[in-house]
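Q: One structure coming up, written as structure tokens, with questions to follow.
The values are calculated or read from the model by the stated rules, or taken from the named source; none is laboratory data. Every value quoted in this text rests on a predicted model; they were computed, and no experiment measured them. Positions of Cβ are generated from backbone atoms using ideal geometry, with glycine treated the same way; all protein chains shown enter the neighbour counts.
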Amino acid sequence: MNVAAIPLALYIHIPWCVRKCPYCDFNSHNAPDSLPQREYIDALIRDLDVDVPLAAGRTLQSIFFGGGTPSLFSPDNIARILDATHARMDFANDIEITLETNPGTVEYGPFADYRKASVNRISFGVQSFDDDALQRIGRIHNAAEAGRAVKMAQDAGLDNINVDLMYALPNQTLAGALADIDKAVALRTQHLSHYQLTLEPNTAFAANPPPLPDDDSAWDMQEACQTRLADAGLMQYEVSAYARDGARCRHNLNYWNFGDYLGIGAGAHAKYTTAEGDIRRRWKVRAPRGFLEHAGTPRGVGGDDAVVSERIAFEFMLNALRLNEGFDAGTFASRTGLTMADIEQTIATARERGLLDIEGDRIRASELGQRFLNDTIALFLPNPPNRRSAA
Ligand SMILES: C[S@@+](CC[C@H](N)C(=O)[O-])C[C@H]1O[C@@H](n2cnc3c(N)ncnc32)[C@H](O)[C@@H]1O
Ligand code: SF4
């Protein structure tokens, strides 16, 4: 395996929010009155020092500040961790650097300063442009504030912007989901992420579920929104991701193409390939206080496990089959160290059931396979669930 040829990204986790949303199971916590920004950046730098040797000699293609709410951190602090990273690792000339932003946390000034700090992509958690819907899902901002925040970023010269929307919201109708799309499209951003609201275990919504549209209604919303977005020039390229030409998210594409990534910060995950060609996953201690205390020491690493060889094909498919264009044989071989012969049988089964399409050396989920994506991917498990599928 030519490990140096596997693209490399860096994920940086900021674990605080103004207020925890009732549907969210991310590692995010209500921010204390005084956010320990300096201390946390110091801890991130110590954490990075532990991980840099995992990627010796390789060039970073993208950096993603995710959360939580990274926009709670000042541009100075974001600049400090970016400078520290650049001092330790090579950046691609056209590196993509994304900052996730809650529209309820921003003013004009910081966008220009984030940009000066080298951030060149902003991802806004808007969720909906309907004020009642926003209230029902516990957001801290209204629709007008979200629109203004996007405009401020655009006025500051940021020209690579994503808006996150969720659909199948409590009591939402198809017309409501489409109205959200129309308002997002009017902002003329380059990218849109469209997530079905899911009830995650251990969230306030799981304990006390709101009235959600059923699966068929959610599917109808997804299909109608996909068409509306395509009409506006935002083409679907992954289950939840839509982009104008040239604006696909490089960082997320690296996950979906089973590239390598380091992860620093509380609870951050990494996937990396060793010089010997072993694929490993590493994760950091999850609680912000524990991370502040232990980052940079062995106790800061929550765990580091090899991906067992029997599961590698499944883990690859878990990512690659989310992409509309699927994958090619070369990418499969170069990222997994396996050959197409290793999965030939499963591919044949999936094709017989109409779940996969093959065109040249590209393999992708068919329309049916996309609808029953979990069943399709499960066929690649070492012991697939009795080879039963929805087909
Ligand atoms: C880390 S958040 C984005 C930034 C910021 N924290 C915010 O919410 O404004 C990532 C995105 O995941 C999506 N998300 C979170 N929980 C979800 C859930 N239970 N179901 C579907 N999408 C969810 C939301 O669209 C959210 O914007
Ligand atoms: S959705 Fe975003 S703002 Fe809300 S709790 Fe999760 S990470 Fe925080």
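Q: Determine whether the range 326-348 contains at least one residue that is closer than 23 Å to Arg248 by Cα, in a helix (DSSP H, G or I) and in contact with a strand residue (DSSP E or B) (Cβ under 6 Å, 6 or more places away or on another chain).
A: no
Q: Here's another thing I want to ask about it. Does the range 167-178 include one or more residues that are in contact with a Lys or Arg (Cβ under 7 Å, 6 or more places away or on another chain), over 19 Å from Cys21 (Cα atoms) and buried (at least 21 other Cβ atoms within 10 Å of the Cβ)?
A: Among the residues of the range 167-178, not one is in contact with a Lys or Arg (Cβ under 7 Å, 6 or more places away or on another chain), over 19 Å from Cys21 (Cα atoms) and buried (at least 21 other Cβ atoms within 10 Å of the Cβ), which makes the answer no.
Q: Separate question: Scanning for something in contact with a Ser or Thr (Cβ under 6 Å, 6 or more places away or on another chain), of a type in the set (A, V, I, L, M, F, W, C) and within 16 Å of ligand 1 (Cβ to nearest atom), does the range 109-129 turn up at least one residue?
A: Within the range 109-129, one or more residues are in contact with a Ser or Thr (Cβ under 6 Å, 6 or more places away or on another chain), of a type in the set (A, V, I, L, M, F, W, C) and within 16 Å of ligand 1 (Cβ to nearest atom).
Q: What number of residues within the range 1-23 are among the hydrophobic types (A, V, I, L, M, F, W, C), under 26 Å from Phe258 (Cβ atoms) and assigned to a loop (DSSP other than H, G, I, E, B)?
A: 2
Q: State which residue is farthest from ligand 1 (Cβ to nearest atom) when the search covers only the range 1-38 and only residues that are touching a Pro at 6+ places or on another chain (Cβ under 9 Å) and β-branched (Val, Ile, Thr).
A: So the residue we want is Ile12.
Q: OK, next. Assess whether Arg388 counts as being at pLDDT 95 or above and either exposed (fewer than 14 other Cβ atoms within 10 Å of the Cβ) or in a loop (DSSP other than H, G, I, E, B) (or both).
A: no
Q: So for the range 206-217 (the condition being more than 19 Å from Ala247 (Cβ to Cβ) and within 11 Å of ligand 1 (Cβ to nearest atom)), does at least one residue qualify?
A: Yes, some residue in the range 206-217 is more than 19 Å from Ala247 (Cβ to Cβ) and within 11 Å of ligand 1 (Cβ to nearest atom).
Q: Among the residues of the range 24-72, write down those that are in a loop (DSSP other than H, G, I, E, B), in contact with a Phe, Trp or Tyr (Cβ under 8 Å, 6 or more places away or on another chain) and not aliphatic (A, V, I, L, M).
A: Filtering the range 24-72 for residues in a loop (DSSP other than H, G, I, E, B) gives 24-28, 31-36, 56-58, 68-69.
Still in the list and also in contact with a Phe, Trp or Tyr (Cβ under 8 Å, 6 or more places away or on another chain): 28, 31-32, 35, 68-69.
Within the range 24-72, Ser28, Pro32, Gly68, Thr69 meet the criteria.
Q: Looking only at the range 75-121, which residues are touching a residue at least 60 places away in the same chain (Cβ under 8 Å) and more than 16 Å from ligand 2 (Cβ to nearest atom)?
A: Matches in the range 75-121: Ile81, Thr85, Met89, Glu96, Arg121.
Q: For the range 166-194, which positions are of a type in the set (A, V, I, L, M, F, W, C), closer than 22 Å to Val119 by Cα and in a strand (DSSP E or B)?
A: Leu192, the sole residue that qualifies.
Q: Among the listed residues Ser62, Ser28, which satisfies the condition of being within 16 Å of ligand 2 (Cβ to nearest atom) and modelled with pLDDT of 95 or more?
A: Ser28
Q: Additional query: Need the failing condition index for Val185 against (1) within 16 Å of ligand 1 (Cβ to nearest atom); (2) surrounded by fewer than 20 Cβ atoms within 10 Å (Cβ to Cβ), just the number.
A: Status for Val185: all satisfied but (1).
Q: Taking into account only those residues within the range 1-25 that are farther than 23 Å from Glu96 by Cα and more than 9 Å from ligand 2 (Cβ to nearest atom), which is surrounded by the most Cβ atoms within 10 Å (Cβ to Cβ)?
A: Top of the filtered list is Met1.
Q: Just give me the residues in the range 195-232 being assigned to a loop (DSSP other than H, G, I, E, B) and surrounded by 14 or more Cβ atoms within 10 Å (Cβ to Cβ), in sequence order.
A: Leu197, Thr198, Thr203, Pro210, Leu212, Pro213, Ala232
Q: Would you point out the residue of the range 240-289, among those that are of a type in the set (Ser, Thr, Tyr) and under 14 Å from the mean Cα position of the chain (by Cα), that is surrounded by the most Cβ atoms within 10 Å (Cβ to Cβ)?
A: Checked the range 240-289; the qualifying residue surrounded by the most Cβ atoms within 10 Å (Cβ to Cβ) is Tyr242.
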